[in-house]
Structure formats: structure tokens, C-alpha cells
Amino acid sequence: MNKDRYLVVVSGPSGCGKDTVVRRLRALHPEIELSVSATSRPMRAGEAEGVDYYYMSREEFRQKIQAGEILEHAEYSGNLYGTPKSEVDKRIGQGRTVVLVIEVEGAGNIRKLYPEATTVFLMPPSMEQLEARLRGRGTEDEASIQRRLARAREEMEYAPLYTTTLVNDEVESCADRLYEIIRQRQQA
Ligand code: ADP
Ligand code: 5GP
């Protein structure tokens, strides 16, 4: 089996529930690992260094890119986000499943590097639900909400490029469906 398949990319518009579904997936299947990204965005309340992200200045981020330590990166909503190489290669080489929760441009770069990666696009049930979830999370100011909703429409056009699209109507069932996709791809 191609090792790329141990790499699982999850994308979807901000607020659709990517982190929530992946948290549930990992609670049910603790052997599934999460790639922790680097970001230049400020830490949100409730987040922690090395758990949600590795937080750094744009300058530090640039240095890491130049040092070749970042596998892929993208600018999103005014901040840099990227996958450290150290989060991925060794683990998939050992046959461990690693989930990357990243936006659509980064997913495109991962697809070039790992053509057989399992890629899943998470859809909100509707734009109204997406806005309600983004507001309900209470982490963004109005300008950030508007930027993220505007970007959501563009992001959803990338869905056909993914191995599978899943609608996050209900967390539990969505996590179950995601697990099934990962399992089937790894058995194929
Ligand atoms: P993302 O990681 O895609 O930005 P989050 O996982 O932070 O999104 O979810 C955004 C908000 O929506 C959170 O407050 C979360 O509790 C809520 N949420 C996630 N999935 C669902 C769902 N299936 N039904 C209702 N609310 C959800
Ligand atoms: P947030 O600020 O809501 O945590 O994340 C904003 C967006 O950046 C989300 O779509 C998230 O998936 C994406 N993202 C997080 N980490 C990475 C990464 O390492 N690379 C890329 N390309 N996108 C990322």
C-alpha cells in the first residue's frame, strides 16, 4: 500500500466544524495522529502552544520556510499557516495515520507532494449554518467573520478536487463517516 494514504487532509470553510469533527475522530480512534501547524496568527482563548498550533511571528515563520522546515504553507485571512515537515514524513513512513487540517491551497500542494493522500472536504449543511457556527464559536470579530464567509464561497469550489466530500450535519456521524473513508482507503 502506498504510504501517501496514511496522510489525511481535511479542508473546509472556517467554522464548518473541521476541528470539532477531527477531535471526535481522535477521541474514538486514538491511534490517529494530528499534525500541529505553525501559524503567525495570535493564540485564541482556550488554545495552547504545541497543541493547537506552534505560534510564531511572521519573521520566525519566514526563517523556517527558508530553512526548508515547512512542507507547505499559505496565507489565510491575513496570517501565515504551514505544516512543519517534522509533523509528517517520519510518522507516515512508520505507517501511522496523520491528519492535516489545512486550507485549500495547502491541500493542493500536499496533493502534488503526496498524490495518493486521502483528501476530505468538509461542507457545512448550508451557508446559514456556517455563519451561525462561526458566530456561535465567538472567536472572531465582525471583520474576520466577514472575511471568512467571503472566502468560504471560493473554498467550496475546490471540493471536487478532493477524494471525498462530507457534509458535517452531525458531529458524531460525520466523524464515523470520516473514519470509514480513512479505513477503506488504507485497505484498498
Ligand atoms: P473549523 O475548525 O472548521 O473552523 P470548529 O470545529 O471550530 O470549525 O467549529 C465551529 C463551531 O461550530 C464550533 O463552535 C463547534 O462547536 C460548532 N460545530 C461543529 N460541528 C457542528 C455540528 N455538526 N453541529 C453543530 N455545531 C457544530
Ligand atoms: P484558524 O485560524 O481558523 O485556526 O485556521 C484558518 C485556516 O487555516 C483553516 O482553514 C485551517 O484549516 C487552515 N490551516 C491551519 N493550519 C494550516 C497549515 O498548516 N497549512 C495550511 N495551508 N492551512 C492551514
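No lab work stands behind these numbers, since they all come straight from the coordinates. Keep in mind the model is a prediction, meaning the values are calculated, not measured. Here the Cβ is made from the backbone with ideal geometry for all residues, glycine too, and neighbour counts use every protein chain on show.
Please identify which residues in the range 150-171 have an amide N closer than 16 Å to a label point set 7 Å out from the Cα of Thr20, following the Cα→Cβ vector.
The answer is 166-171.
Quick check for the chain: number of Lys pairs with alpha-carbon distance under 23 Å, counting only pairs 8 or more apart or on different chains?
Final tally of qualifying lysine pairs is 10.
Among 112-119, 48-55, 147-154, 10-17, what's the highest-first ranking by average C-beta atoms within 10 angstrom per residue?
Result, highest mean Cβ count within 10 Å first: 10-17, 112-119, 147-154, 48-55.
Once fully extended, how much extra length lies between Lys85 and Gln184, figured as 0.36 nm per residue of separation less the alpha-carbon to alpha-carbon distance?
33.0 nm
How big is the charge dipole of the range 1-109 about its Cα centre, in debye rounded to the nearest 20, if each Lys and Arg gets +1 on its Cβ and each Asp and Glu gets -1 on its Cβ?
I would put it at about 280 debye.
Any idea what the dipole of the range 36-96 comes to, in debye rounded to 20, about its Cα centre with Lys/Arg Cβ at +1 and Asp/Glu Cβ at -1?
120
Which net charge results for the neighbourhood of Val104, defined as the other residues with beta-carbon distances under 11 angstrom from its beta-carbon, given Lys and Arg at +1 and Asp and Glu at -1?
With Lys, Arg at +1 and Asp, Glu at -1, the neighbours total -3.
Give me the orientation-averaged projected area of the Cα convex hull of the chain, in nm², one decimal.
10.1
Expressed in whole Å with the largest first, what are the equivalent ellipsoid semi-axes of the range 36-96 derived from the C-alpha gyration tensor as the square root of 5 times each eigenvalue?
That gives 20, 15, 9 Å for the three semi-axes.
With r defined as the distance between the Cβ atoms of Glu142 and Glu60 and R0 fixed at 30 Å, what FRET efficiency is calculated, to the nearest 0.05?
Computed FRET efficiency for Glu142 and Glu60 comes out at 0.55.
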